[in-house]
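Working notes, structure below.
The values are calculated or read from the model by the stated rules, or taken from the named source; none is laboratory data. Note that this is a predicted model, so its numbers are computed, not measured. Heads up, the Cβs are rebuilt from the backbone with ideal geometry, glycines too, and the neighbour counts pull from every protein chain shown. Remember, those area values only see protein heavy atoms, side chains included, never the ligands or the DNA or RNA. Shrake-Rupley method; radii C 1.70, N 1.55, O 1.52, S 1.80 Å.
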Amino acid sequence: KGSLAIVGVGMTLGAHITPRARSRIENADVVFVAVSDPVVELWVQEMHPDVRSLQPLYGRESGEKSRQDTYREMVGVMLAEVRAGQRVCGAFYGHPGVFALAPHRAVEQARAEGYEAVMEPGVSAEDCLYADLGIDPGRTGCQHFEASQMMFYRRRVDPGAWLVVWQPAIAGDRGFRRFATGPAYLQVLVDVLAADYPLDHPCTIYEAATLPIQRPRIEQVALRDLPQAALSLASTLVLPPARPLQQNPDILARLAALDAAG
Ligand code: SAM
């Protein structure tokens, strides 16, 4: 009977893959791969004789294709092999379930059709940024938002916590078709962020190393200069808290009363 295992291969080639993820790849009948770098794809190919790239489904050449269609097709090609009785593995860069639609959908769909489906976690860009930037998300709390979602919907940002903004390079892309939006769109993102942060607030442009010989990109710009910054599809923005934590006197008083009573 067919089955599905969705695994993460981590961010840095050869450095982050878990023994479980590797074993899922090696023991599958067919492996589908969606990674950000062709060299990483070659590395996954070395682990199994039948590795099929999901990269062509993005339709980068035409510039016309919606990512929604791409994700639907990714789920479709993986599920077709599961239905044909194959043990299928989908290998995605980073953590397959972090800011990624197709892996979750594939697992849900396979389970809905009665197949066994699992997801194996991987080292994500989030994990790397805590290490590379020396951030503990527990210190003040840390919020993660997708750039476009922050623009399309009203959110309540807490400037007392860290803010991580994903996919800034395609901020404001309403058609889910583009691979870059550009300065005018980033200016809108800056205006959204300026409701909670001063314009001179430092923003770190962060890119984890994809190859073991690379160093991470860690570049600081003022919020107002973000539209002119060179952002790539691998960039994530990290904003430190803009104000200290504010005490909550009402709750503290309630707790003090409990202490006194107890
Ligand atoms: N599943 C991936 C993970 O676990 O990190 C994230 C995939 S999400 C579709 C793509 C976004 O992840 C990018 O727009 C960027 O915000 C972030 N990202 C991808 N590669 C990155 C890298 N090398 N360094 C930092 N962030 C990265």
* Asked: Based on DSSP H runs of at least 4 residues, each adding -39500 (n - 2.57), what is the mean residue ellipticity at 222 nm of the chain after dividing by all its residues, to the nearest 500 deg cm²/dmol?
  -> -9500 deg cm²/dmol
* Remind me, what semi-axes does region 91-152 give for its equivalent ellipsoid, largest first in whole Å, using sqrt of 5 times each Cα gyration tensor eigenvalue? -> 28, 16, 10
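Estimate the FRET efficiency between SER36 and VAL188 by the formula 1/(1 + (r/R0)^6), using the beta-carbon distance for r and 22 Å for R0, to the nearest 0.05. List each step's numbers first, then the result.
Values: r = 26 Å, r/R0 = 1.17.
Efficiency computed from Cβ-Cβ geometry: 0.30.
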* Under 19 Å from the VAL77 label point (7 Å along Cα→beta-carbon), backbone N, region 13-37 -> 25-26, 28-37
* Rg ratio (alpha-carbon, reference 2.2 N^0.38 Å) - region 1-120 -> 0.98
* Asked: With each label point set 7 Å from Cα along the Cα-Cβ vector, what nm distance links HIS104 and SER232?
  -> 2.7 nm
* Asked: Taking one equal scatterer on every alpha-carbon of region 148-262, how large is log10 of I(q)/I(0) by Debye at q = 0.10, 0.11, 0.15, 0.22 1/Å?
  -> -0.40, -0.46, -0.70, -1.25
* **Distance between region 173-230 and region 91-161 - C-alpha centres, whole angstrom** => 18 Å
* Largest first and to the nearest Å, give the Cα extent of the chain along each principal axis. => 62, 55, 36
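Report, to two decimal places, the Cα Rg of region 25-83 normalised by 2.2 N^0.38 Å (N = number of residues). Please report the intermediate quantities before stating the final value.
Numbers: Rg = 12.3 Å, N = 59, 2.2 N^0.38 = 10.4 Å.
Taking N as the residue count of region 25-83, the ratio is 1.19.
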* Interchain or long-range residues, amide H under 5 Å from GLN143's placed H -> TRP162, LEU163, VAL164
* Structure fact -> Low-density loop chymotrypsin sites (Phe, Trp or Tyr not before Pro), region 152-230, at most 16 other Cβ within 10 Å, DSSP non-H/G/I/E/B, are TYR153, PHE176, PHE179
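Leaving out ligands and nucleic acids, note down the accessible area per residue over the chain with a 1.4 angstrom probe, in whole Å². Don't skip to the end; give the middle numbers.
Numbers: 13790 Å² over 262 residues.
Dividing the accessible area of the chain by its residue count gives 53 Å².
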* Asked: Using +1 on the beta carbon of Lys and Arg, -1 on that of Asp and Glu, and nothing else charged, what's the dipole of the chain about the Cα centre, debye to 20?
  -> 420 debye
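Once you charge only the Cβ atoms, +1 for Lys and Arg and -1 for Asp and Glu, what is the size of the charge dipole of region 4-105 about its Cα centre, to the nearest 20 debye?
Values: 11 positive and 11 negative charges, 74 e Å.
Its charge dipole is roughly 360 debye.
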* Asked: What full-extension length gain, to one decimal in nm, is calculated for PHE176 and TYR130 as 0.36 nm per residue of separation minus the Cα-Cα distance?
  -> 13.7 nm
* Structure fact -> Once amide hydrogens are built 1.01 Å from N within the peptide plane, the residues lying 5 or more places from SER3 or on another chain with amide H under 5 Å from its amide H are GLN86, ARG87, VAL88
* Inverting the mean 1/r over all pairs of different Cα atoms, compute the Kirkwood radius of region 72-177 and quote it in Å. => 16.2 Å
* Asked: In region 163-197, which trypsin sites (Lys or Arg not before Pro) fall in coil by DSSP and have 12 or fewer other Cβ atoms within 10 Å?
  -> ARG174
* To do: Give the calculated FRET efficiency between SER53 and LEU252 to the nearest 0.05, with a Förster radius of 41 Å applied to their Cβ-Cβ distance.
  => 0.15
* List the trypsin sites (Lys or Arg not before Pro) within region 47-147 that fall in a DSSP loop (any state other than H, G, I, E or B) and whose Cβ has at most 11 other Cβ atoms within 10 Å. => ARG60
* To do: On the protein heavy atoms, probe 1.4 angstrom, tell me the percent of accessible surface of region 90-221 carried by carbon and sulfur.
  => 49 percent
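Calculate the dipole size of region 28-164 relative to its Cα centre from +1 charges on Lys and Arg beta carbons and -1 charges on Asp and Glu beta carbons; express the result in debye to the nearest 20. Numbers along the way, then the final one.
Values: 13 positive and 20 negative charges, 118 e Å.
Dipole magnitude for region 28-164 comes out near 560 debye.
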